[in-house]
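The values are calculated or read from the model by the stated rules, or taken from the named source; none is laboratory data. Worth saying up front: this structure is predicted, and the values here are computed from it rather than measured. Here the Cβ is made from the backbone with ideal geometry for all residues, glycine too, and neighbour counts use every protein chain on show. Side chains included, ligands, DNA and RNA excluded: accessible areas come from the protein's heavy atoms. Shrake-Rupley method; radii C 1.70, N 1.55, O 1.52, S 1.80 Å.
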Amino acid sequence: MRIEPGGLAAALKEAQEEPTLSPYEVSEYVMEHIFKPLRQDNPLLFADLDFDAFTDEDIRELEIWMERQTHMERILADLSNIFCAAEPVSRPGRAFC
């Protein structure tokens, strides 16, 4: 597979900007008191949670957000594999003079 850096750079410049997935799609309470402690391998104690501060829908939004993050990670890993598998191409002329 041949990757043309100039064409890639031009395509990226022309691409429409889209916002990335933001952690703020999920309730701030859920992110701070549920997701972050679990992500840092800290214990999550029910006694420490304020069950009036979030709903089961907030937990579902966290699940959807995490699935999107995992999907994005897979896409970026696939793209990385494409670049890693690409054969280098010699330049037709001197590059450093």
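Per residue, how large is the accessible surface of the chain? Use a 1.4 angstrom probe and give square angstrom.
Details: 8630 Å² over 97 residues.
Accessible area per residue: 89 Å².
Counting Lys +1, Arg +1, Asp -1, Glu -1, what net charge surrounds Gln40 among other residues with beta carbon under 15 Å of its beta carbon? Summing Lys/Arg as +1 and Asp/Glu as -1 gives -1.
Length gained on full extension, Lys13 to Leu76, computed as 0.36 nm times the residue gap minus the Cα-Cα distance: 20.8 nm.
What does the helix-only formula give at 222 nm for the chain: each DSSP H stretch with n ≥ 4 adding -39500 (n - 2.57), the total divided by the residues, and the result rounded to the nearest 500 deg cm²/dmol? Please list the in-between numbers first.
Working: 3 runs with 44 residues, N = 97.
So the helix-based figure for the chain works out to -15000 deg cm²/dmol.
When the solvent-accessible area of the chain is split by element, carbon and sulfur atoms take up 55 percent of it, the probe being 1.4 Å.
Remark: the stretch 34-47, residue by residue, has Karplus-estimated 3J(HN,Hα) of 10, 5, 4, x, 5, 5, 8, 6, 8, x, 10, 9, 4, 5 Hz, where x stands for each Gly or Pro and the curve is 6.51 cos²θ - 1.76 cosθ + 1.60 at θ = phi - 60°. When each of the peptides 29-35, 77-83 is scored by the mean number of other C-beta atoms lying within 10 Å of its residues, the order from highest to lowest reads 29-35, 77-83.
Could you tell me which label, among [x] 21.5, 69; [y] 13.6, 44; [z] 60.6, 168, carries the value of Rg and Dmax of the Cα atoms in Å calculated for this structure? Matching entry in [x] 21.5, 69; [y] 13.6, 44; [z] 60.6, 168: [x].
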